[in-house]
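Accompanying notes for the structure given below.
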Amino acid sequence: MGSIDDYVALVNQYIDKDLTDGLPVIPPTRESVAAMIAASGHEPGYVLGPQPPFGKGPILVKDVAVNAVLAGCLPEYMPVLTTTIEAIMTQTPRWLATTAAVAPLTVINGPIRKQLNVNAGTNVFGSVGFRANMTIGRAMRLCFLNLYGARSGLYDRATMGTPHKIGWVIGEDEEDSPWGSLQSDRGLTDSDNSVTVMIAHHPIEVNHLDGRTPEQILGAMADALSIVVSFNTAYRKGAAAGEADVLADGTEREKFERKGLKAVLFLAGDHRHHIARAGWSKDDIRSYVRLHAGRRAGDFRALGYTGLKLVDEQAPDDTWVELFDSPDAIDIVCAGGMGAHSAVSRVRWSVTRAIPDPVGA
Amino acid sequence: MTEFFDPTGGVDTIEELSPAPRLVSVEGKRVGLLDNSKTNADKFLTIVGEILARDFAVGEVTMVPKNALSKPAPPEVLDKLAEVADLVVVGIGDCGSCSTCCVHDGIELEKRGIPAVAVCTEAFVPGLKALAGMRNMPGYTFAVVPHPLGVLFDDELRERAELAAPQVVSIVQAG
């Protein structure tokens, strides 16, 4: 190998050819790519997802491996990375192209957090200094850029976008959860490893230093979720052509279904302990937030959100419109440090996938 | 010199596909309207169909809803259009994901031998041209109208339709 200058020149080639996120990368070698593939537990040609609209072919492990090296991942991160890529690419790649300001959030559960030193505590959303959080998120974004074609202006048409596109990977602080982990809500056990991938909006901070009761804390969270613009994302879509509701006066109205907005509550240290001390369960939390997340129809109609048919046009302005279909739309994640600064995010889509043990690991 | 790795994957692509053969004339030809159920897509497409009948003497016009918002059209929908139409107007592409799917659906119809013009807004043109290349049909042409589209009131929607309909005709006709 030559000098630092040679190395920098090679890095600049990757950047200049538009193969990076704009930041310096680790140039791959045959050995480093092979090490990534070996650590994944898959064959190099294993298909993680179908050919995307701007992709050259199906998403293969060997190509994810190249991007993992570029991102600065360690080989042991590969099972997490391939599981999240497979989850997104097989189910909802269109969310990578939306005009909305969303990004994939990856929540890691299980013993793998400690093995990889994934941050779940203080400064969890800004896990600067934690190689696992930073480089797994970065590798995901490089895969979206290089294998999916989600380049700004090309297929990523987000009007504003969000800084979370650079990477948004967190662990859950399972050890400090009064109620068990997110993955246990999905039927997995504490010895399993999993990722929950959510297409999420930017977190809204719910700082409530004076809040002591579940009602106060969760009421503030419900309020934070119920901003007028949330009612834009909960719109109803048309059902199959030809279906109609028949109204009381006999007229027909085109049938709509609720789109199904979700949310995630990030409960900070102080808040989760206040809520647990009051004897509340996760189900209690979900039910309360669901009951209180909503708005008067007049509030969003006055601002022009009338075309989205959340509520009948004839209904009075003080009609209460709920934001979520059911308590099941709301997930709870115990993360972040101590303090009274929780957060909430609107979520458009979510899936949990177990991380398989690499063969021979 | 250290080997350079391509992180964009895939194999080098294959042959370039041509769009479907052009029509000698749209006169008397059956028109299909592929509605992706974006706001006012059906209204806009209906007006385009009316203008094609009024000014270009097309034959029967059939609206076919896609029922797959922001996804590629299912094969049954493409089959239906192949049955009822000699040319198709695909709409509307006034957002990121829907414009991509309109062009994708248009190309899929062209591969089945049916000229199909996606109507998209100018905001998304560069990406859509690149998409056509990635889909191996760089010669695919679509209609472009000013942005926005679906949110417009009736008079402006009609103005956009008056811009789109002649483009549809010049794109599907030979010569």
- Task: Considering only region B:109-131, state which residues are charged (D, E, K, R), touching a residue at least 12 places away in the same chain (Cβ under 8 Å) and within 14 Å of chain A (Cβ to nearest Cβ).
- Result: B:122
- Counting only residues that are out of contact with any helix residue (DSSP H, G or I) (no Cβ under 7 Å at 6 or more places or on another chain), give me the strands (runs of 3 or more DSSP E) lying completely in region B:1-106 with at least 1 of them. B:61-65
- Message: For region A:121-133, give me the residue count where each residue is open to solvent by 10 Å² or more (accessible area, probe 1.4 Å) and assigned to a loop (DSSP other than H, G, I, E, B).
- Response: 6
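Yes or no, residue by residue, for (1) open to solvent by less than 40 Å² (accessible area, probe 1.4 Å); (2) touching a helix residue (DSSP H, G or I) at 6+ places or on another chain (Cβ under 7 Å); (3) within 14 Å of chain B (Cβ to nearest Cβ); (4) at pLDDT 95 or above:
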residue	(1), (2), (3), (4)
A:71	yes, yes, yes, yes
A:78	yes, yes, no, yes
A:83	yes, no, no, yes
A:87	yes, no, no, no
A:107	yes, yes, no, yes
A:135	yes, yes, no, yes
- Here are B:43, B:66, B:29: which of them is basic (Lys, Arg), buried (at least 18 other Cβ atoms within 10 Å of the Cβ) and more than 10 Å from every other protein chain (Cβ to nearest Cβ)? B:29
- Mind checking whether some residue in region B:133-144 is within 14 Å of chain A (Cβ to nearest Cβ), surrounded by 22 or more Cβ atoms within 10 Å (Cβ to Cβ), closer than 14 Å to residue B:115 by Cβ and in contact with an Asp or Glu (Cβ under 9 Å, 6 or more places away or on another chain)? yes
- Message: Consider region A:142-154. How many of its residues are more than 8 Å from chain B (Cβ to nearest Cβ) and either in contact with a strand residue (DSSP E or B) (Cβ under 6 Å, 6 or more places away or on another chain) or closer than 25 Å to residue B:125 by Cβ (or both)?
- Response: 6
- Collect the residues in region A:56-86 that are of a type in the set (Gly, Ala, Ser) and part of a helix (DSSP H, G or I), keeping them in residue-number order. A:65, A:68, A:71
- Note on the structure: Scanning region A:34-62 residue by residue, those open to solvent by less than 40 Å² (accessible area, probe 1.4 Å) and at the interface with chain B (Cβ under 7 Å from one of its Cβ atoms) turn out to be A:53, A:54, A:55, A:57, A:60
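The values are calculated or read from the model by the stated rules, or taken from the named source; none is laboratory data. Values in this document were obtained by computation on a predicted structure and should not be read as measured data. FYI the Cβ positions are ideal-geometry reconstructions off the backbone, even for glycines, and counts take in every protein chain you see. All accessible areas refer to the heavy atoms of the entire protein, side chains included, with ligands and DNA or RNA removed. Shrake-Rupley method; radii C 1.70, N 1.55, O 1.52, S 1.80 Å.
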